[in-house]
Amino acid sequence: MKINIHVTFLPHTDPEASLAFYRDVLGFDVRNDVGYEDMRWITVGPANQPDTSIVLTPPAVDPGLTDEERRVIGELIAKGSYASVVFATDALDELFERVEGSGADVLQEPMEQDWGSRDFAFRDPAGNTVRVQQLA
């Protein structure tokens, strides 16, 4: 049996800022952009992985959430504690320069980790924590 990661979701708080970041800074393809009322779901992914996507989604749109739960989710997103993702690249320093040059909130510059990988971390425009590891 083969199981692949096909789609995952990250919240966005500003669809235009998230679209520009994932498309222009990270170089992801835009695979879909769906709007409904004042909300947008933007599907992006790396060009070399057409079967793996991230849907940048409006946060807390589940109709079963209370106003208090929506407020808490908004606070967690703002802290960078609600969602995260880890990418890998064969050009860590080059990608770091692009991310840093974009004005993203850099949490950690490239460094060797105790567990054997080299990586850096930042927050995307919504505040999601993104870590990028050097491919071996």
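The values are calculated or read from the model by the stated rules, or taken from the named source; none is laboratory data. Note that the structure is predicted; figures quoted are calculated from it, not measured. Here the Cβ is made from the backbone with ideal geometry for all residues, glycine too, and neighbour counts use every protein chain on show. Please note that ligands, DNA and RNA were not included when accessible areas were found on the heavy atoms of the full protein model with its side chains. Shrake-Rupley method; radii C 1.70, N 1.55, O 1.52, S 1.80 Å.
Compactness ratio of the stretch 1-67: Cα Rg over 2.2 N^0.38 Å, N = residue count?
On the way: Rg = 13.1 Å, N = 67, 2.2 N^0.38 = 10.9 Å.
After normalising by residue count via 2.2 N^0.38 Å, the value is 1.20.
If you put +1 on each Lys and Arg Cβ and -1 on each Asp and Glu Cβ, how big is the dipole of the chain around its Cα centre, in Debye rounded to 20? Can you show the working numbers first?
On the way: 11 positive and 24 negative charges, 68 e Å.
Dipole about the Cα centre, nearest 20: 320 debye.
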Please list, in chain and number order, the residues 5+ apart from residue 107 or on another chain whose amide H is under 5 Å from its amide H, with Hs placed from the backbone.
121, 122, 123
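Could you state the accessible area per residue of the chain in Å², with a 1.4 Å probe and every protein chain left in place?
On the way: 8150 Å² over 136 residues.
It amounts to 60 Å² per residue over the chain.
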Contact order relative to length for the stretch 20-136, counting C-alpha pairs under 8 Å separated by 6 or more residues, stands in percent at 21 percent
Amide H proximity to residue 9 below 5 Å, modelled H, separation 5+ or other chain, gives 55
Each residue of the stretch 27-39 in turn: what ³J(HN,Hα) in whole Hz from Karplus with 6.51, -1.76, 1.60 and θ = phi - 60°, glycine and Pro shown as x?
x, 6, 6, 9, 9, 6, 8, 10, x, 8, 6, 9, 10
Would you please name the trypsin sites (Lys or Arg not before Pro) within the stretch 1-34 that are DSSP coil residues with at most 13 other C-beta atoms within 10 Å of their C-beta?
2
Which value, to two decimals, describes the C-alpha radius of gyration of the chain once divided by 2.2 N^0.38 Å?
1.09
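Output the antiparallel fraction of DSSP beta bridges having both residues in the chain, as a percent to the nearest 5.
Working: 20 of 31 bridges.
If we restrict to bridges inside the chain, about 65 percent are antiparallel.
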Once amide H atoms are built 1.01 Å from N in the peptide plane, which residues 5 or more positions from residue 118, or in another chain, come under 5 Å H to H?
113, 134
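Would you calculate the volume per residue, in Å³, of the smallest convex hull containing every Cα atom of the stretch 80-127? Please report the intermediate quantities before stating the final value.
Working: hull volume 3.9 nm³, N = 48.
Residue-normalised Cα hull volume stands at 82 Å³.
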Carbon-plus-sulfur fraction of the accessible area of the stretch 63-136, 1.4 Å probe, in percent?
49 percent
